[in-house]
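Report on one structure; see the data block that follows.
Please treat every number below as a calculation from the coordinates, not as lab data. These numbers were taken from a predicted model, which means no experiment stands behind them. Cβ: placed from backbone, ideal geometry, glycine included. Neighbour counts: every protein chain shown.
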Amino acid sequence: MGDEKSSTAAGADLDAILASFAGTSDGAPGSCPYPVNEPMIHHWCDAIGDRNPVYLDRELAQKSAHGRLVAPPAMLQAWTMRGLRPDTAAEAAAKKEAGDRKSVLQVLDEAGYTSVVATNCEQEYFRYLEPGDQLTHTVEVESVSAEKTTGLGVGRFVTQLYTFRDARGAVVGTMRFRILKFKPRSQS
């Protein structure tokens, strides 16, 4: 019975720790390594099979309602994906300023929720991006669910809100990204 109480207390402590992340930023602001550009737009369209001329044909795009080439809205997150590059000076400074505060995902890893699967993503676009736009993004933890039993195992849903801004600081889009961090089942 003593083990049950300590386990319940530990669970309550973890719940409180995870709840404290709601509404806080999760990591340093991210910067886009490259401005929005035509070669990457063409590459994306080739990979997806999107032949929309406002993305690919400068002459036709200039005659469109946009008056110029624009990027497919679904590319929003792609512009800020960091890949394997090291932190920029601004990112390193922001991490240093944040100190030793762990991210919500690190806390979940340490609590045994070491596996992850993306469950859903909702994007909202406020304007078309165009070649030359330089983006940054911030991430806010919206919520961490109570522990749930799922088909993959016991886990918690983490919802993060990404806000994408242009060089003037105007919000150009948002992405609500939800993942399940779960405890892997033992292999038998």
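Could you list the trypsin sites (Lys or Arg not before Pro) in segment 28-91 that lie in coil according to DSSP, counting only those with at most 10 other Cβ atoms within 10 Å of their Cβ?
When the trypsin sites (Lys or Arg not before Pro) of segment 28-91 are filtered for loop state and at most 10 Cβ neighbours within 10 Å, R51 remain.
Could you give the length gained by full extension between I48 and D13, i.e. 0.36 nm per residue of separation minus their alpha carbon distance, to one decimal place? Intermediate values should be presented prior to the final figure.
Values: separation 35, 0.36 × 35 = 12.60 nm, distance 4.51 nm.
Extending this stretch completely gives an extra 8.1 nm.
Under 14 Å from a point 7 Å along the Cα-to-Cβ line of Q106: which residues of segment 72-91 have their amide N that close?
From segment 72-91, the list is empty.
In debye, nearest 20: dipole of segment 47-133 around its Cα centre with unit charges on the Cβ of K, R (+) and D, E (-)? Write down the numbers at each step before the final one.
Numbers: 11 positive and 13 negative charges, 43 e Å.
The dipole of segment 47-133 has a size of about 200 debye.
Using r as the Cβ-Cβ distance of A22 and L84, and R0 as 25 Å, what FRET efficiency do you calculate, to the nearest 0.05?
On the way: r = 30 Å, r/R0 = 1.21.
Step by step, r from the Cβ atoms, then E = 0.25.
For Cα pairs less than 8 Å apart in space and 6+ apart in sequence, what is the mean separation divided by the residue count of the chain, i.e. the relative contact order in percent? Provide the component values of the computation, followed by the final result.
On the way: 314 pairs, mean separation 50.3, N = 188.
It rounds to 27 percent for the chain.
Suppose R0 equals 35 Å. What FRET efficiency, 1/(1 + (r/R0)^6) with r the Cβ-Cβ distance, do M75 and K96 give to the nearest 0.05?
Details: r = 31 Å, r/R0 = 0.88.
Efficiency computed from Cβ-Cβ geometry: 0.70.
Treating segment 61-188 as a set of equal point scatterers at the Cα positions, no solvent, please give the Debye-formula log₁₀ I(q)/I(0) at q = 0.13, 0.15, 0.16, 0.21 Å⁻¹.
Listed by q, the Debye log ratios stand at -0.70, -0.87, -0.95, -1.28.
Could you please rank T80, T88, placing first whichever residue has the fewest other Cβ atoms within 10 Å of its Cβ? All intermediate terms of the calculation are to be shown ahead of the outcome.
Numbers: T80 17, T88 14.
Fewest-to-most ranking of T80, T88: T88, T80.
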